[in-house]
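Below: the structure, in structure tokens.
The values are calculated or read from the model by the stated rules, or taken from the named source; none is laboratory data. Quick caveat, the model's predicted, so the values are computed rather than measured. Here Cβ is always computed from backbone atoms with ideal geometry, including for glycine, and neighbour counts include all displayed protein chains.
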Amino acid sequence: MSSSNEKIPVVPKALLGSFILVTTLFALWGFANDITNPLVRAFKDVFQNLTNFQSSLIQFAFYGGYATMAIPAALFIRKFSYKAGILLGLALYAFGALLFIPAAITMEFIWFPVSLYILTFGLAFLETTANPFILSMGDERTATQRLNLAQAFNPIGSLMGMLVASN
């Protein structure tokens, strides 16, 4: 039986590496969130004949990816595992990001929202997976502290997104 004065680590040493890796995901979607709005302005500058409706497709694609994929992500994770959810989320994120290359080469606007839509499929998987995974990494009594610590990296990613977008 453990005493009430026993010091419980927020993150057990055996899970520290996994915790750090999963915590970087919080910064990853903070970055994506804050680079999206400046993209609208950038696309209006690059594609000078872009209508307001077309430029709004950037935000629609971003938030639509979340709306479309959050429930399927939860079902996938339930059937498989947190690890499979994170790996699929990273693969979708990378695939969506890589699609920006042919989009930039062809300079066809429609490929940009499509790329962003797929990228946010990955973000939906990552966010749906990371929160409960972080909670499960250790003692139940420190789960909230672990999640708060991991979520503290979201604003760091947001600041990096703003910095990249402004330059």
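Things to note:
- Pairs with Cβ under 6 Å, 6+ apart, first in the stretch 143-167 and under 10 Å from residue 34 (Cβ atoms), second surrounded by 15 or more Cβ atoms within 10 Å (Cβ to Cβ) and charged (D, E, K, R): 158/34; 161/34; 162/34
- Within the stretch 34-54, the set of residues being among the polar types (S, T, N, Q), under 22 Å from the mean Cα position of the chain (by Cα) and either farther than 18 Å from residue 158 by Cα or surrounded by 17 or more Cβ atoms within 10 Å (Cβ to Cβ) (or both) comprises 36 only.
- A residue that is at pLDDT 90 or above, under 15 Å from the mean Cα position of the chain (by Cα) and not in a helix (DSSP H, G or I) cannot be found anywhere in the stretch 118-138.
- Subset of the stretch 68-90 (residues that are farther than 20 Å from residue 36 by Cα and among the hydrophobic types (A, V, I, L, M, F, W, C)): 71, 73, 74, 75, 76, 77, 80, 84, 86, 87, 88
- Residue 85 vs. criteria closer than 23 Å to residue 15 by Cα and in contact with a helix residue (DSSP H, G or I) (Cβ under 7 Å, 6 or more places away or on another chain): yes
- Filtering the stretch 100-126 to residues that are of a type outside the set (Phe, Trp, Tyr) and over 18 Å from residue 29 (Cα atoms) leaves 101, 102, 103, 104, 105, 106, 107, 108, 110.
- Any hit, the stretch 98-121, residues being closer than 23 Å to residue 22 by Cβ and surrounded by fewer than 16 Cβ atoms within 10 Å (Cβ to Cβ): yes
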